[in-house]
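Structure first, then comments.
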Amino acid sequence: MKEKLTIALVAHDNRKADMVDWAKYNAEYLSRHKLVCTGTTGGLIRQAFDASGVSADIQCMNSGPMGGDAEIAALVVRHQVDLAVFLIDDLNAQPHEADIQMLLRQCRLHNIPIACNRASADLMISSTLWGNPEYTPAPQSYVKFERNPEGSVD
């Protein structure tokens, strides 16, 4: 796999502080990769990195409700994202729920790892598979599953 990744970072308003804290904690790692963020999240991460003297390649898209989630989903479809971290506010409704679901769906369809909490994000960025040139993720497989009729034994 690649040494330099493109990592998408997205966080809802009530999760932005958590995302910034996670990004600062992992700044050394993240600064070696390209970061693609929704607008406000990317701006906050850039501000935190600048305050800490961390130089990073951060591209900011629109904010999520203004199409940023859809822009990142389009990058996923074009295979321009290697990993996504999306800290979702599961306690409050979002006006752009369709875009959120689209981004999540496209990551699943295109086999892009997506972390929706800090624990899974930590596990994903620390995987040794990223630097393993012999590793290639298995392609997605969608094969119709036929159930046995009731009463039959497998």
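The values are calculated or read from the model by the stated rules, or taken from the named source; none is laboratory data. Predicted model only: the values in this text are computed from it and were never measured. Cβ coordinates were reconstructed from backbone atoms using ideal geometry, including for glycine residues, and neighbour counts include every protein chain displayed. Only protein heavy atoms, including side chains, enter the accessible area calculation; ligands, DNA and RNA are left aside. Shrake-Rupley method; radii C 1.70, N 1.55, O 1.52, S 1.80 Å.
Accessible surface of region 1-108, 1.4 Å probe: 49 percent of it comes from carbon and sulfur atoms.
Helical content alone sets the calculated 222 nm signal of the chain at -11000 deg cm²/dmol, taking -39,500 (n - 2.57) per DSSP H segment of four or more residues and averaging over every residue.
Each peptide in 90-102, 33-45, 56-68 gets a packing score, the mean of other Cβ atoms within 10 Å over its residues, and the list from highest to lowest is 33-45, 56-68, 90-102. Annotation: per residue accessible area for the chain equals 59 Å², rounded to a whole number [probe 1.4 Å, protein chains only]. Starting from a Cα-only point model with no solvent, please compute log10 I(q)/I(0) by Debye for the chain at q = 0.13 1/Å. For the chain at q = 0.13 Å⁻¹, log10 I(q)/I(0) is -0.60. Indicate the gyration tensor shape class of region 1-51 (rounded, prolate or oblate), computed on the Cα atoms with a ≥ b ≥ c the square roots of the eigenvalues: a/c under 1.5 is rounded; otherwise a/b larger than b/c is prolate and the rest oblate. Prolate. For region 27-38, backbone phi angles converted through the Karplus equation (6.51, -1.76, 1.60; θ = phi - 60°) give residue-by-residue couplings of 4, 4, 5, 4, 5, 8, 10, 8, 10, 10, 10, 5 Hz, Gly and Pro being listed as x.
Normalised by the number of residues in region 57-151, the mean separation of alpha-carbon contacts (under 8 Å, six or more apart) gives a relative contact order of 26 percent. For the chain, lysine pairs with C-alpha atoms less than 24 angstrom apart, excluding pairs fewer than eight positions apart on the same chain, total 7. Taking amide H positions as modeled 1.01 Å from N, with prolines and chain starts lacking one, the residues under 5 Å from Leu83 and 5 or more places away or on another chain are Thr6, Ala8. Rounded to whole numbers, the Karplus 3J(HN,Hα) couplings from phi for region 90-95 are 7, 9, 9, 5, 10, x Hz, using 6.51 cos²θ - 1.76 cosθ + 1.60 with θ = phi - 60°, and x at Gly and Pro. How far is helix 97-109 tilted off the main Cα axis of the chain, in degrees rounded to 10, range 0 to 90? With rounding to tens, the tilt is 70 degrees.
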